[in-house]
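J.: Sharing a structure below in structure tokens format, with a few things to ask.
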Amino acid sequence: MLGRYFISRGRARVVRVFALLCFLIAGAGAATLPTMLVGPQWQAFMIDCDDGCRPKPQPLDQLSPEVRHVIASLPRAPERMTAAMADPYWWWRLFGIQTLNVLPFAILFFSVGMALWRFSSRQEHRDWSGIRWLQRATAAGIVMAVAEPVAQVLRDAVYLTAVADIETFSHSIDFTEIIDNLLFAGAAWAAIWALAAGLRARGDLAEIV
């Protein structure tokens, strides 16, 4: 019985459209990594139309509001920021932070896309294959719930130490949001693993019968 139920061709096409959308989102997230080696200041930008519309980098927009306010009030902050951007070691640190921030996000959407693609196929055991990809997606969601705020703290630290002569600084973290994200990801993880156990038990029963 395992894998014998197939969705209609029309619904399969719709599911594959959503799968492609997930692949596109994952690719867009992963595409930010190479730009970190070219120009990390372009991770955030605005279109300035005062003298002809052109993109203008806004590196401070990547930071938390309190750190952004501190840097904006420091003397010679723009000059020191420009000097820091010329340091390859500074770029590599930002590349590592961006990897920590983006990789779980990209894996999550890629895994969801693969799960949808498997569910839309007409192959045998496609349901079990799709469940395995959903398990990977929920694991990535749990990692992402912690990795994103950690990456934000590290990014703030890298920028702040580049423009100010400080060794330590305090940073506020919204643990309520982190816990909410962990609970949501954990609930999805538990549900998918329970579904996987049910499919496994159904397959064992079918073999016995």
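The values are calculated or read from the model by the stated rules, or taken from the named source; none is laboratory data. These figures come from a predicted structure and were not determined experimentally. FYI the Cβ positions are ideal-geometry reconstructions off the backbone, even for glycines, and counts take in every protein chain you see. Surface areas here come from the heavy atoms of the whole protein model, side chains and all, with no ligands, DNA or RNA. Shrake-Rupley method; radii C 1.70, N 1.55, O 1.52, S 1.80 Å.
J.: Across region 1-58, which residue is modelled with the highest pLDDT among those that are more than 30 Å from Q152 (Cβ to Cβ) and of a type in the set (D, E, K, R)?
T.: So, considering only residues that are more than 30 Å from Q152 (Cβ to Cβ) and of a type in the set (D, E, K, R), the one modelled with the highest pLDDT is R16.
J.: In region 140-162, what residues are among the small types (G, A, S), modelled with pLDDT of 85 or more and more than 25 Å from I192 (Cα to Cα)?
T.: A151
J.: Quickly run through region 133-151 and pick out the residues that are among the polar types (S, T, N, Q) and crowded, with 19+ Cβ neighbours inside 10 Å.
T.: T138
J.: Which residues, taken from region 84-101, are small (G, A, S), part of a helix (DSSP H, G or I) and surrounded by fewer than 16 Cβ atoms within 10 Å (Cβ to Cβ)?
T.: G96
J.: Further question: So F109 passes all but one of these: (1) modelled with pLDDT under 70; (2) hydrophobic (A, V, I, L, M, F, W, C); (3) surrounded by 18 or more Cβ atoms within 10 Å (Cβ to Cβ). Which condition number does it fail?
T.: (1)
J.: Under 8 Å by Cβ, and 6 or more places apart or on different chains, what pairs join a residue from region 23-36 that is farther than 11 Å from A106 by Cβ with one that is assigned to a helix (DSSP H, G or I) and open to solvent by 40 Å² or more (accessible area, probe 1.4 Å)?
T.: That search, which allows pairs on different chains as well, returns T35/W42; T35/Q43; M36/Q43; M36/W91; M36/F95.
J.: Got a number for residues in region 127-165 being out of contact with any Leu (no Cβ under 7 Å at 6 or more places or on another chain) and outside any helix (DSSP H, G or I)?
T.: Qualifying residue count, region 127-165: 1.
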